[in-house]
Each structure stands twice: as C-alpha cells, then as structure tokens.
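The structure appears right after this line, and notes come after that.
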Amino acid sequence: MRILLALALVAGCAGDSTDPGNKPYCTMALYDNCTTEHDCMSNDCHVFNADNFSACVQPCSAATPCPDQDGVPVACNAMGICKPAAARDCRVMP
C-alpha cells in the first residue's frame, strides 16, 4: 500500500509546470524576467515591488509609446517606464 501511495505522489509531481527547469531561457528581450540590468538588452531591469515581479523595461513617453507584449498593449506608467502586466515567463540565464 505504501508503495502505491509513493508511486501516486511521484506521478502527480511529474511534469510540474511550476518547475523553473521547464521554462525556456530568457533572451534578454523587453519584458523578459530578470534579476539584474545585465539580464536585459536595454540594461534596465526594473523591480515592480507592488506586483511582485521584475522585468526588462525601457523608457516611454507620449512621443515614444511602449511596444506590445506578445500582441497585448503595454502602458507607459507615471515613472515613464513601459510596465507590462507581468514579466515574460522564462528563466534567467545562469
């Protein structure tokens, strides 16, 4: 009986989508997940504390709007930064 329970637990954990190892690597592109400015082609990794994520960002203004994120419009926030709803779900290069 214990063996069946152990097998069921292992099977239930296989393919766990929350495992960071299953995510593609970030490409340093705009809106990618990041931890430092070196993770971004823009050299700007911004921490959005209230939303609990960090993303590669770029400056914006009325004259320079934000590029879409995978077809979804991104707003220019009050700090003049393109703020996506969430960072692209990828893992930062080691």
Let me spell it out: the conditions are (1) in contact with a helix residue (DSSP H, G or I) (Cβ under 9 Å, 6 or more places away or on another chain); (2) at positive phi, and C45 meets all of them except one. Which number is the exception? (2)
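In the stretch 19-72, which residue that is of a type in the set (S, T, N, Q), assigned to a loop (DSSP other than H, G, I, E, B) and in contact with an Asp or Glu (Cβ under 9 Å, 6 or more places away or on another chain) is surrounded by the fewest Cβ atoms within 10 Å (Cβ to Cβ)?
N43
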For the stretch 67-90, give me each residue that is out of contact with any strand residue (DSSP E or B) (no Cβ under 9 Å at 6 or more places or on another chain) and of a type in the set (V, I, T). V72
Reported set for the stretch 47-66 where residues are touching a strand residue (DSSP E or B) at 6+ places or on another chain (Cβ under 7 Å) and either over 16 Å from R91 (Cα atoms) or among the hydrophobic types (A, V, I, L, M, F, W, C) (or both) is V47, F48, A55, C56, V57, Q58, P59, C60, S61, P65, C66
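Coordinate-derived values only; no laboratory data. Because the structure is predicted, anything quoted here is derived from the model rather than measured. Virtual Cβ from ideal backbone geometry, glycine too; neighbours counted across all protein chains shown.
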